[in-house]
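The values are calculated or read from the model by the stated rules, or taken from the named source; none is laboratory data. No experiment lies behind these values; they were computed from the predicted model shown. No Cβ is skipped: glycine too gets one built from the backbone with ideal geometry, and neighbour counts run over all protein chains shown.
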Amino acid sequence: MTDAQLKALISQGVVDALAERDAEKSRNGEDSHDSGSDRRSRMSNQVCYLYSARKCSYVCPIGEIKKLEIEIWNLKVKGTDMVSYNQHFQELSLMCSRMFVEESDEIKKYVGGLPDMIHGSVMASKPKTMQDTIEFATELMD
């Protein structure tokens, strides 16, 4: 999968997730009386990625960014589902790039969400890149 395909996939996932969140709010009576299609359209317009050579940043209200940062801070592998963890971590880290000034900060957070049974092994391998970290952790879980 190319970087462009990955970014497009993540972008669509974010749009879908935000639309679902709005739909859930509407079902729970938290709707602001906007029609669903208008809200999705506005949400799609709000979801704006600023691509750089290495990272992209999610542009939205500060409150939304804070929620995403809390979500990534509390993110853990559920059972042995590394695929979901890897995808969700990468989506959130792209949107919350200000949390990770250095790639080593991102690696530490990623490893922090791994199960105890592989956490020590991944840390002991002293991975230099996120890609190496993800590949090693996934290999250990398999």
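Filter the range 91-108 down to residues that are assigned to a helix (DSSP H, G or I) and touching a Leu at 6+ places or on another chain (Cβ under 8 Å) and give me whichever is farthest from Thr138 (Cα to Cα). So that I can check it myself, show each step before the final result.
First, pick out the residues of the range 91-108 that are assigned to a helix (DSSP H, G or I): 91-95, 97-99, 103-108.
Restricting the remaining residues to those that are touching a Leu at 6+ places or on another chain (Cβ under 8 Å) gives 92, 95.
Details: Leu92: 18, Met95: 23 Å.
Among residues in the range 91-108 that are assigned to a helix (DSSP H, G or I) and touching a Leu at 6+ places or on another chain (Cβ under 8 Å), the one farthest from Thr138 (Cα to Cα) is Met95.
Residue under question is Val101, and the condition is that it be closer than 28 Å to Leu18 by Cβ and either of a type in the set (Val, Ile, Thr) or assigned by TED's automatic domain parsing to the domain that holds Val14 (or both); does it hold?
Values: closer than 28 Å to Leu18 by Cβ: yes; either of a type in the set (Val, Ile, Thr) or assigned by TED's automatic domain parsing to the domain that holds Val14 (or both): yes.
Judged against the criteria, Val101 is a match.
Among the residues of the range 110-129, count how many are out of contact with any Phe, Trp or Tyr (no Cβ under 7 Å at 6 or more places or on another chain) and either surrounded by 12 or more Cβ atoms within 10 Å (Cβ to Cβ) or of a type in the set (A, V, I, L, M, F, W, C) (or both).
Total satisfying the criteria: 11.
Among the residues in the range 65-80, are any outside any loop (DSSP other than H, G, I, E, B) and farther than 23 Å from Val15 by Cα?
No: the range 65-80 contains no residue that is outside any loop (DSSP other than H, G, I, E, B) and farther than 23 Å from Val15 by Cα.
When the range 122-142 is examined, which residues are found to be of a type in the set (S, T, N, Q) and either touching a strand residue (DSSP E or B) at 6+ places or on another chain (Cβ under 7 Å) or over 17 Å from Lys76 (Cβ atoms) (or both)?
If we filter the range 122-142 for residues that are of a type in the set (S, T, N, Q), which is where we start, we get 125, 129, 131, 133, 138.
Residues satisfying the conditions are Ser125, Thr129, Gln131.
Mind listing just one residue for me: the one in the range 88-108 that is touching a residue at least 40 places away in the same chain (Cβ under 8 Å) and surrounded by fewer than 19 Cβ atoms within 10 Å (Cβ to Cβ) and, of those, farthest from the chain's Cα centre (by Cα)?
Here is the first cut: in the range 88-108, the residues touching a residue at least 40 places away in the same chain (Cβ under 8 Å) are 90-91, 94-95, 97-98.
Within this subset, residues satisfying the condition of being surrounded by fewer than 19 Cβ atoms within 10 Å (Cβ to Cβ) are 90, 97-98.
On the way: Gln90: 5, Ser97: 10, Arg98: 13 Å.
So the residue we want is Arg98.
Look at the range 109-132 and say how many of its residues are in contact (Cβ under 8 Å) with a residue 24 or more places away in the chain, of a type outside the set (Ser, Thr, Tyr) and assigned to a helix (DSSP H, G or I).
Selection size over the range 109-132: 3.
Hey, does the range 6-27 have a residue that's at pLDDT 70 or above, over 27 Å from Gly112 (Cβ atoms) and loosely packed, with under 10 Cβ neighbours inside 10 Å?
yes
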